[in-house]
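The values are calculated or read from the model by the stated rules, or taken from the named source; none is laboratory data. Everything quoted here is computed from the prediction, not taken from an experiment. Cβ placement follows ideal geometry from the backbone for every residue including glycine, while neighbour counts extend to all protein chains displayed. These area figures cover heavy atoms from the full protein model, side chains too; ligands, DNA and RNA do not enter into them. Shrake-Rupley method; radii C 1.70, N 1.55, O 1.52, S 1.80 Å.
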Amino acid sequence: MKMKERQAKKNNPAGKYRTPKDIIQYSVCAVILKFLYHGLRVLYRHDERVRQDLDRIERGTTIRISCSAHGPSLEIAASENGIDRIGHIGRVNCTGCCPAEEKLPDIDIRFKSADFSFAVFTGRIGIAEAFSGHMMYVNGDFSKIMSLVRCMEQAERYLFPSFIGRRILKTLLPKKISSLRLYASILFSMLLR
């Protein structure tokens with residue numbers, strides 16, 4: 001069965017053939033990307049470490065975080081509010097080379113496979129470990145990418161419970177707001193948008 005699945009994926013690189021595992025991984029990653037976006041917006045207001053790192057990225061810088069070549073992605077831009085979404089959370093429509101009319105983002109972070117992104121977004125490995133383990137492709141200014149990775153690491157601290165945080169983060173910095181308040185703010189923010 002595995003051989004047939006691999007052959008079908010090889011014959012259909014556009015991602016039209018998807019297994020139930022792929023559907024679950026893509027759905028979970030899409031939901032977590034949404035939580036990450038809203039979480040970073042809330043943390044920008046409440047945590048000065050996230051605010052300082054996001055302020056290092058110039059206003060108007062476009063950022064795309066993709067779960068894989070054909071997985072869900074988040075397109076945002078640095079703004080006076082930290083970040084604003086410029087695209088919807090959806091599937092990436094290219095395989096690495098985009099049409100001339102599509103503007104490439106200033107910072108492009110794409111996980112090499114949906115399995116890697118799923119492992120990061122479900123707390124099995126940390127974003128810094130995935131970055132240092134070459135589980136993602138990055139394109140753009142390295143200092144801005146590192147600022148964004150630090151922000152995502154802080155978001156992991158708030159979004160994951162402590163027993164997961166201790167396993168995936170090097171240090172557990174003190175929280176500026178409670179995780180419960182963060183989740184309530186995220187859900188409220190999601191309802192408004």
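Computed on protein heavy atoms with a 1.4 Å probe, the accessible areas place HIS134, HIS70, HIS46 in the order HIS134, HIS46, HIS70, largest first.
Pairs over the 31 Å Cα-Cα cut-off, from the set LYS144/LYS170; LYS103/LYS175; LYS21/LYS175; LYS144/LYS176; LYS21/LYS176; LYS144/LYS175: LYS103/LYS175; LYS21/LYS175; LYS21/LYS176. For LYS34, the aspartates and glutamates whose Cα comes closer than 13 Å to its Cα, not counting residues fewer than 8 places off in the same chain, are GLU75, ASP84. Extension gain for ILE24-LEU104 works out to 26.0 nm (0.36 nm per residue, less the C-alpha to C-alpha distance).
Phi angles across region 72-82 convert, under the Karplus curve 6.51 cos²θ - 1.76 cosθ + 1.60 with θ = phi - 60°, into 3J(HN,Hα) values of x, 9, 10, 10, 9, 9, 5, 9, 5, 8, x Hz, Gly and Pro given as x.
Stretching ASN139 away from ASP55 to a fully extended chain increases their span by 28.3 nm, per 0.36 nm per residue minus the current alpha-carbon distance. Reported to the nearest whole Å, the Cα centre-to-centre distance from region 176-192 to region 124-150 is 25.
Spin-label model, ARG167 to SER132: label points 7 Å out along the Cα-to-beta-carbon direction sit 1.8 nm apart.
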